[in-house]
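Structure first, then comments.
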Amino acid sequence: MAFNLFKYSSPASFYPLAGKMAPLFYVLAATLAIVGLYISFFVAPTDATQGEAYRIIFIHVPAAWMSMFIYIVMAIWAGLGLILNTRLSSMMAQALAPTGAMFTVVALITGAFWGKPTWGTWWEWDARMTSELILLFLYIGYMSLTAAIDDVRRADKAGAILAMVGGINVPIIYFSVKWWNTLHQGASVSLTRSPSMAKTMLLGMLIMAIAAWMYSIAVTLSRVRLLMLEREKSSAWVQEVLEKKS
Amino acid sequence: MNWGSLSNFIDMGGRGFYVWGSYLITLVCIVFELVLLSRQKSALWQRLTQIMKLNKQG
Amino acid sequence: MGNVLLSVIRRDLLLAFRRRADVLTTLFFFVIVVSLFPLGVGPEMKTLRLIAPGVVWVAALLASMLSLQRLFAADYQDGTLEQMLLAPHPLGVIVLGKIVAHWMVSGLPLALMAPLLGLQFDLPPEALGILFIALLLGTPILSFIGAIGAALTLGLRGGGVLLSLLVLPLYIPALIFGAGAVEAYIAGVNPEGHLSLLAALLIFSGLATPWVTALALRIAME
Amino acid sequence: MAQEALLSLALVPLNRPYSMLEVVDLSCLRGERTLFTNLSFTLSPGELLQVAGANGSGKTSLLRMLCGLSAPIAGEIRWNNAAARGEDFNRDLLYISHHSAVKEELTPIENLLIASSFAAAPLTQPQALEALERIGLGGREHLPTKALSQGQKRRVGLARLLVSNAPLWILDEPLTALDVRAVELIQARLAEHLAQQGMIVLTTHQTLQVPGITPRRIELG
């Protein structure tokens, strides 16, 4: 199996590294989240126009940012896996998808919770919310496609194509929905662009966003370790890992 | 920001349901993801060690 | 290269002609779905006129999903697809030929049938014309984008449902501009903007998707 | 000799004889299993290589790799000192898999004409008719293929052997589901191809008797 280990040596060395890094990022995420929540609830003042309901944005906006950011990162990893034929990058892409989908769901639900007291409806067909919904469909499509293909190499490559096609489509979809929306009704209250946005609000949002980012890295590292074990289960390094554990 | 009392804090200016509801759901989502991940992990470990034992026997 | 394109189109049209029933199924599906809406919504002509463009377009998307599964399936099963991959011609051109032929037998009939169905919804004559043009520009986009999904899900269990899951979200821009053109006209706005955007989308997808589909086919055949 | 003259469709001289196929340190992984490692061989003009091995030993996988349909996990395949991939290589290649690539809805003549229109050298109608006649489908050229028997359908696919000008033939079980006469015909055509400095890689469960040729063998698994 010399050829195999030579070409794909990276998982063997990355596995223990990821194992050491993951707890670090979990701790970072938790600490930042505590600081961020403190600022969100005890430092940031009441919003002049939206009252206290605006405090939802401290999770809504970071979640929405992460959902899009993770999709881009996922598409890049998947694309690297397709072009360079490196298995680790494809595994990274697959490890990112569930967390990205989770943040998309959070962004959608918190968006609805924010919309009800602010707009008076749970759902508004504005460009952001609609794009977020479509992003969720794209995540689900990616995960279903890679899950439906038994052959790992094919799953990686097919997933990469879908992720990249989706990535090209997201801005097109966003702008077409935005255009469609302005034709049907004027854009309503904006979440982040209100003039009353205090500096502390922005700070709270940024810290929460970084916390979400650290959390994503931590979970992805944990998940990619499982993927590595699963996929390379017959290789020597996994056997070694198993020996040590038992 | 000084809330004065706990009930004021919980009430969130009358928007308590929405604010706490969304934070609660976020927490549920994160916990769900972590639990799912740890269950996947233990299932995978169990499976792999079992296979290893079988291989050693046979 | 042009020769290959033409011979692929001719071959697929001949095959479609020998399997006419498949083509008609898609068309009838389209007609039935569109005709069901008035029964569900009620015969109020004002409402029907309002929803007509959206209904026709969504039905067209669904009908295209139905026919897309067949785009590569038969060639995959009998080994012809392998031969196409090994042909001394660019695979993208062969794929383009297949997509064009597929559109001629599944998209074009929908566009031709749509004005007739528009009558059921009491659309004014000019709106029927816009509907026809929008579908004429839009249905090839559906075939182009759908081809990628058809190639990615080739030979998979439950490929049909998966295909819809992958492709329908990508259809949204075409749906928005296509249905929007007719709605704009009815609302008294010039639909030219919508139609130009639809045409731009058509050109972009026509240039890009055959190559992406070709790559996806090579991956699926490995 | 008489049979050779009967078969040769002199209209199809080989596209590029005197080529060479080189396989260097090829390894194949199918799912979890390693099918073969470090497989190397070269094939020169006029040579026939028979790939043998039990079911599931990777014969078809090897043939598909040689065609460039799937990528090897390690090693390389070279055709005339260049990677065996792309349109130039495809022009020199004829691959017949166990899928017949025959459309049931089309007639034999349509099938053959369309198959050849994808290949490097399109056929004329009389040439195609002649090839079908020689492979024993005379009189059935215009029937729908679905009306033919299993063996006759196989022949529709194999008719491509008679009209191909590709120097490299890769054939997956070309002799299955054929009667004795058809097997003889195909084997004679293989001999003729080798005599024209073509080369062949094939798998078969039957005993192969190509007149005047001792096949080289590799055993997988």
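Read the figures in this text as sums done on the coordinates, not as results from a lab. Note that the structure is predicted; figures quoted are calculated from it, not measured. For neighbour counting, all protein chains shown are included, and Cβ atoms are generated from backbone atoms with ideal geometry for every residue, glycine included.
With r defined as the distance between the Cβ atoms of B:N55 and C:A208 and R0 fixed at 35 Å, what FRET efficiency is calculated, to the nearest 0.05? Before the final figure, lay out the partial values.
Values: r = 48 Å, r/R0 = 1.37.
Efficiency at R0 = 35 Å is approximately 0.15.
Selection among C:M45, C:A187, C:W103 by position relative to the dipole of the stretch C:2-221 gives C:W103 as farthest towards the positive end (Cβ unit charges, Cα centre). Under a straight-distance cross-link criterion of Cα-Cα below 20 Å, which lysines are reachable from D:K153, leaving out those fewer than 8 residues away in the same chain? Partners within reach: D:K103. With respect to chain D, whose longest principal axis is taken over its alpha-carbon atoms, helix D:108-118 is tilted by about 40°. Shape verdict for the protein assembly as shown, please, from the Cα gyration tensor: rounded (a/c under 1.5), prolate (a/b greater than b/c) or oblate. It is oblate, given that a/c is not under 1.5 and a/b is not larger than b/c.
Here the protein assembly as shown is treated with +1 on each Lys and Arg Cβ and -1 on each Asp and Glu Cβ, and its dipole about the Cα centre works out to around 1340 debye.
Taking every DSSP beta bridge that has both ends in the protein assembly as shown, the antiparallel portion is near 45%.
Roughly speaking, what is the stretch gain from D:A83 to D:M20, that is 0.36 nm per residue apart minus the C-alpha to C-alpha distance, in nm to one decimal?
Numbers: separation 63, 0.36 × 63 = 22.68 nm, distance 1.17 nm.
My answer for the length gained is 21.5 nm.
Measuring between alpha carbons in the structure, the pairs from A:K178/A:K199; A:K244/D:K59; A:K157/D:K146 lying more than 30 angstrom apart are A:K244/D:K59; A:K157/D:K146. When each of A:T46, A:T118, A:T110 is scored by the number of other beta-carbon atoms lying within 10 Å, the sequence from fewest to most is A:T46, A:T118, A:T110. What the Cβ-Cβ distance of D:Q206 and C:R10 gives, at R0 = 45 Å and to the nearest 0.05, is a FRET efficiency of 0.75. The C-alpha atoms of chain A define a longest principal axis, and helix A:152-184 lies at about 10 degrees to it.
Using r as the Cβ-Cβ distance of B:I10 and A:L203, and R0 as 22 Å, what FRET efficiency do you calculate, to the nearest 0.05? Don't skip to the answer; put the middle values down first.
Numbers: r = 24 Å, r/R0 = 1.10.
Taking R0 as 22 Å, the efficiency between B:I10 and A:L203 is 0.35.
Look at where the Cα atoms of the stretch C:100-159 and of the stretch A:105-155 average out, and the two centres are 26 Å apart.
For D:F36, the residues whose amide H sits under 5 Å from its own are D:C28, ignoring neighbours fewer than 5 places away on the same chain, with H placed 1.01 Å from N.
Phi angles across the stretch C:24-34 convert, under the Karplus curve 6.51 cos²θ - 1.76 cosθ + 1.60 with θ = phi - 60°, into 3J(HN,Hα) values of 5, 4, 4, 5, 5, 4, 4, 4, 5, 4, 5 Hz, Gly and Pro given as x. Label positions at A:I172 and C:D22, each projected 7 Å from the Cα along the C-beta direction, are separated by 2.6 nm. Between 0 and 90 degrees, rounded to the nearest ten: what's the tilt of helix D:180-195 against the longest Cα principal axis of chain D? In chain D, helix D:180-195 runs at an angle near 60 degrees to the longest axis.
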